[in-house]
Amino acid sequence: MSAVKSLEDLRRVKEEELERRKARAASSRAQITVGMGTCGIAAGARETMQTILEAIEDENLGDIIVSQTGCVGLCEWDPIVEVAIGQEPKVTYGKVSPEKAKAIMREHIMESKIIRKYVIPAYA
Amino acid sequence: MKPIRSLVLVSSDPESIGRGAQEVHRRLQRAIEAADLENEVVVSMVGDVGRHDALPMVIIYPEATIYGPVTPENVPFLVEEHLVERRIAAGLEASTRELSGRIAWLSARRGTLPAEQRIVLARAGLIDPENVEDYIVHDGYEALAKALTEMTPAEVINEIGKSGLKGRGGAGFPTGMKWRFVSQTDDYPKYIICNADESEPGTFKDRLILEGDPHSVIEAMAIAGYAVGANEGYIYIRGEYVLAQERLATAISQARQMGFLGETIFGSDFSFDIHIHAGAGAYICGEETALIESIEGKRGEPRSRPPYPTTHGLWGKPSVVNNVETIVNVPPIIQHGAAWYRRFGTSNSPGTKVYTILGNVNVTGLIEVPMGITLREVIAIYGKGMQDGASLKLAQTGGSSGSIVPASLQDTPLDFDSYARAGVSLGSGALLICNEDTCVVDLAKVSLNFFKRESCGKCTPCRVGTQRAYQILTAISEGVGTQQDLDDLQMLSENLTEFSHCGLGQTASVPIRDVFRHFRAEVDAHVQLKVCPAGACPMSGQLAKAA
């Protein structure tokens, strides 16, 4: 990390990072994000994350980015897992137990089939 | 009972009333009953809906369809088409045009999750909190850059002042004014303190911000430091928030490496650094002067005010103390301007408010909504209705020190002024929703138990008052309360408010006062009839248990 000394520096860091992301997104097929706030972790997000990482290793899925994020506030639905395949809109799954995580990896990630019954419903 | 399917709101500002809104409301109720939908559809008057071109307006959720102007004669057709046939009532829809206020906010979010399109929580749950690049990609540190390179400190304070931002910790003090007080003193050094000692039962909004978006707190504190002339900041964080502390520490060290903290930030001559200070679990340390004492290494007991921290704060120096939620409003205001910020919320309480919603609703969690939304809307839209179709009895806002809001106030806009006029307070952002099975004596007892345990014991009104009030409430809940007990409770409540040294004792009286004000008959039933109407109290008749 280089020190940011001006607004131009900040813009440059941002541009470079966006470029890096574009390159990474081009070479990856899917992005998985797990909500890891205290509430998510208490509901079992660590186990869910572990399951996802194991599934990636078992199936040799090198082209998937897994990242963590904070709590979004939908605590009722923790653990929450977001899946985005390519440029498609992201899908937000709720109450993702390790078993559900396995199913999501199998069906959504490997076969591109969204598991509707696990998706958190929109509010309005 | 079926869960509530639709929420029908009728505008009831003076102009709507003049054009027959009350008759529309009455006919809606009748038509809904005639269609046998009264268990599935809620109708209510909502006040000013934010646009005045087609009054009276009828808004139906969850579809957020806006009809207007609606005459009483239109009502049967509207109910038949929209609520029975579930299609748009042709010809009645209001013209689409720019909306304002909470209606605009809700309409723009049709078909999304409550987690999308937010201001304060924009990045929480979206970015990786341990990755500073992720923050930068999502416009992070741009507000700090703008403040330091394009604005003078006075301009920053002016912008915050114009935005109308008020403290979100509960008191609602204008943030711009607080900053101005500190900037006007010539006493240096000055300090920026972020109050992250979130201990009110049922609140966790600050934790979510700290865990999900720690860099925003750092950026906001640096902007505040620049505005008032402070070079040092403290984050006083609740000891139990371990994950938040770790993520803050990571974020601070990243910010130092990147040059967002330290010397000559963004090439200006402004320097700023932040320390984390963990609390040790005392509720009262969320009070700003007790918090300052605690940072100084003393017992966390409040100071007498005045003088206020704006002139005599940390180490006796001028200090800004801002709540986490308050201060993270700052970067978006600086970035987009005060005029943009004032588009959200009401004219006297602009912006949004973050609430934790819990209790007897179908969906609990954390929401960000514009100021001025009503409790009824929050429950119907975000809480997905009451659990098991029960009806609302009361809501406790802001944890134990908040108000007990009876169901009759559920159409009062949730903003500082409207709530103050109704004699209740918004509190720090918890909405505990209670159904008819909740006993108010039990609720007051639980609150007093909390205050009794948290009282430091320094002053008698609080030390003895909270203990004695708890004993009396316990006796009432056991069915052995007397008329004398009620009189004593009334007096204790008044004494707590008037004679306690600090806010803890003063607010300990709030649950008693509110229960007496709104639910006196229910308390009397416990004493005179020896009956708990809600069926929640033990009523064992044994005083021994009451001790």
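The values are calculated or read from the model by the stated rules, or taken from the named source; none is laboratory data. Predicted, not measured: the structure shown is a model, and the values here were computed from it. We place every Cβ from the backbone using ideal geometry, glycine too, and count neighbours over all the protein chains shown.
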Residue tally, condition over 31 Å from the mean Cα position of the chain (by Cα) and assigned to a loop (DSSP other than H, G, I, E, B), over the stretch B:249-275: 7
Matching entry among B:TYR191, B:TYR241 (being in contact with a strand residue (DSSP E or B) (Cβ under 9 Å, 6 or more places away or on another chain) and within 24 Å of B:GLY161 (Cβ to Cβ)): B:TYR191
Matching residues in the stretch B:316-331 - criterion: being within 23 Å of B:GLY140 (Cα to Cα) and out of contact with any Ser or Thr (no Cβ under 9 Å at 6 or more places or on another chain): B:VAL324
Among residues of the stretch B:248-287, those that are charged (D, E, K, R) and either buried (at least 22 other Cβ atoms within 10 Å of the Cβ) or under 30 Å from B:SER304 (Cβ atoms) (or both), counted: 1
Within the stretch A:10-42, considering residues that are among the charged types (D, E, K, R) and touching a residue at least 40 places away in the same chain (Cβ under 8 Å), the one nearest to the other protein chains (Cβ to nearest Cβ): A:ARG24
Residue match in the stretch B:276-293 (condition: assigned to a helix (DSSP H, G or I), at pLDDT 95 or above and within 12 Å of chain A (Cβ to nearest Cβ)): no
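Could you check, for the stretch B:171-178, whether at least one of its residues is without any contact (Cβ under 8 Å) to a residue 24 or more places away in the chain, in contact with an Asp or Glu (Cβ under 9 Å, 6 or more places away or on another chain) and more than 14 Å from chain A (Cβ to nearest Cβ)?
yes
Would you mind listing the strands (runs of 3 or more DSSP E) fully within the stretch B:1-98 where at least 1 residues are in contact with a Ser or Thr (Cβ under 9 Å, 6 or more places away or on another chain) and within 14 Å of another protein chain (Cβ to nearest Cβ)?
Working: elements: B:6-11, B:41-47, B:58-61, B:65-67.
Answer list for the stretch B:1-98: B:6-11, B:58-61, B:65-67.
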Top-ranked residue of the stretch B:135-170 - restricted to ones that are among the acidic types (Asp, Glu) and under 28 Å from the mean Cα position of the chain (by Cα), ranked as farthest from the other protein chains (Cβ to nearest Cβ): B:GLU159
Those residues of the stretch B:351-363 which are crowded, with 24+ Cβ neighbours inside 10 Å and not in a strand (DSSP E or B), in sequence order: B:GLY351
When residues of the stretch B:430-460 are limited to those that are touching a residue at least 40 places away in the same chain (Cβ under 8 Å) and small (Gly, Ala, Ser), the one farthest from B:THR497 (Cα to Cα): B:ALA430
When residues of the stretch A:43-97 are limited to those that are closer than 19 Å to A:ARG29 by Cα and among the charged types (D, E, K, R), the one surrounded by the most Cβ atoms within 10 Å (Cβ to Cβ): A:GLU82
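Is the stretch A:63-80 home to any residue that is at positive phi and either within 11 Å of chain B (Cβ to nearest Cβ) or aromatic (Phe, Trp, Tyr) (or both)?
yes
Name the residues in the stretch B:449-504 that are outside any helix (DSSP H, G or I), small (Gly, Ala, Ser) and buried (at least 20 other Cβ atoms within 10 Å of the Cβ), would you? Walk me through it before giving the result.
So the first thing to find is which residues in the stretch B:449-504 are outside any helix (DSSP H, G or I), and the list is B:455-459, B:478-482, B:500-502.
Filter again for small (Gly, Ala, Ser), leaving B:455, B:457, B:479, B:481, B:500.
If the condition is that a residue be outside any helix (DSSP H, G or I), small (Gly, Ala, Ser) and buried (at least 20 other Cβ atoms within 10 Å of the Cβ), then B:SER455, B:GLY479, B:GLY481, B:SER500 are the ones that fit.
Could you list, in sequence order, all residues of the stretch B:207-246 that are surrounded by fewer than 22 Cβ atoms within 10 Å (Cβ to Cβ), among the charged types (D, E, K, R) and within 13 Å of chain A (Cβ to nearest Cβ)? Write out each step before concluding.
Taking the stretch B:207-246 as the starting set, the residues that turn out to be surrounded by fewer than 22 Cβ atoms within 10 Å (Cβ to Cβ) are B:229, B:231-232, B:239-240, B:242-243, B:245-246.
Then drop every residue that is not among the charged types (D, E, K, R), which leaves B:232, B:240, B:246.
Within the stretch B:207-246, B:GLU240, B:GLU246 meet the criteria.
Return the residues of the stretch B:320-368 that are of a type in the set (Val, Ile, Thr) and closer than 21 Å to B:ILE379 by Cα; say none if nothing qualifies.
B:THR346, B:THR352, B:VAL354, B:THR356, B:ILE357, B:VAL361, B:VAL363, B:THR364, B:ILE367 - these are the residues of the stretch B:320-368 that are of a type in the set (Val, Ile, Thr) and closer than 21 Å to B:ILE379 by Cα.
Those residues that are within 24 Å of the chain's Cα centre (by Cα) and without any contact (Cβ under 8 Å) to a residue 24 or more places away in the chain, I need them from the stretch B:510-530; list them, please. Give the steps one after another, and end with the answer.
Of all residues in the stretch B:510-530, those within 24 Å of the chain's Cα centre (by Cα) come to B:510-519.
If the condition is that a residue be within 24 Å of the chain's Cα centre (by Cα) and without any contact (Cβ under 8 Å) to a residue 24 or more places away in the chain, then B:ARG513 is the only one that fits.
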Matching entry among A:ILE120, A:ILE41, A:ILE65, A:ILE109 (being of a type in the set (A, V, I, L, M) and over 30 Å from B:VAL242 (Cα atoms)): A:ILE109
Condition broken by A:LEU53, with the remaining ones in (1) within 14 Å of another protein chain (Cβ to nearest Cβ); (2) at pLDDT 90 or above satisfied: (1)
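From the residues in the stretch B:99-130 that are within 8 Å of another protein chain (Cβ to nearest Cβ) and at pLDDT 80 or above, which one is nearest to the chain's Cα centre (by Cα)? Steps first, answer last, please.
At the first step, the residues of the stretch B:99-130 found to be within 8 Å of another protein chain (Cβ to nearest Cβ) are B:106, B:109-115, B:121, B:124-130.
Next cut, at pLDDT 80 or above only: B:121, B:124-130.
Details: B:LEU121: 14, B:ALA124: 18, B:GLY125: 20, B:LEU126: 22, B:ILE127: 24, B:ASP128: 26, B:PRO129: 24, B:GLU130: 27 Å.
Among residues in the stretch B:99-130 that are within 8 Å of another protein chain (Cβ to nearest Cβ) and at pLDDT 80 or above, the one nearest to the chain's Cα centre (by Cα) is B:LEU121.
Of the residues B:VAL378, B:VAL363, B:VAL328, which single one is without any contact (Cβ under 8 Å) to a residue 24 or more places away in the chain, within 14 Å of chain A (Cβ to nearest Cβ) and within 23 Å of B:ALA124 (Cβ to Cβ)? Step through it out loud before you land on a result.
Numbers: B:VAL378 fails: without any contact (Cβ under 8 Å) to a residue 24 or more places away in the chain; B:VAL328 fails: without any contact (Cβ under 8 Å) to a residue 24 or more places away in the chain.
Selected residue: B:VAL363, the only one of B:VAL378, B:VAL363, B:VAL328 that is without any contact (Cβ under 8 Å) to a residue 24 or more places away in the chain, within 14 Å of chain A (Cβ to nearest Cβ) and within 23 Å of B:ALA124 (Cβ to Cβ).
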Residue check for A:ALA30: over 14 Å from the mean Cα position of the chain (by Cα) and surrounded by 14 or more Cβ atoms within 10 Å (Cβ to Cβ): no
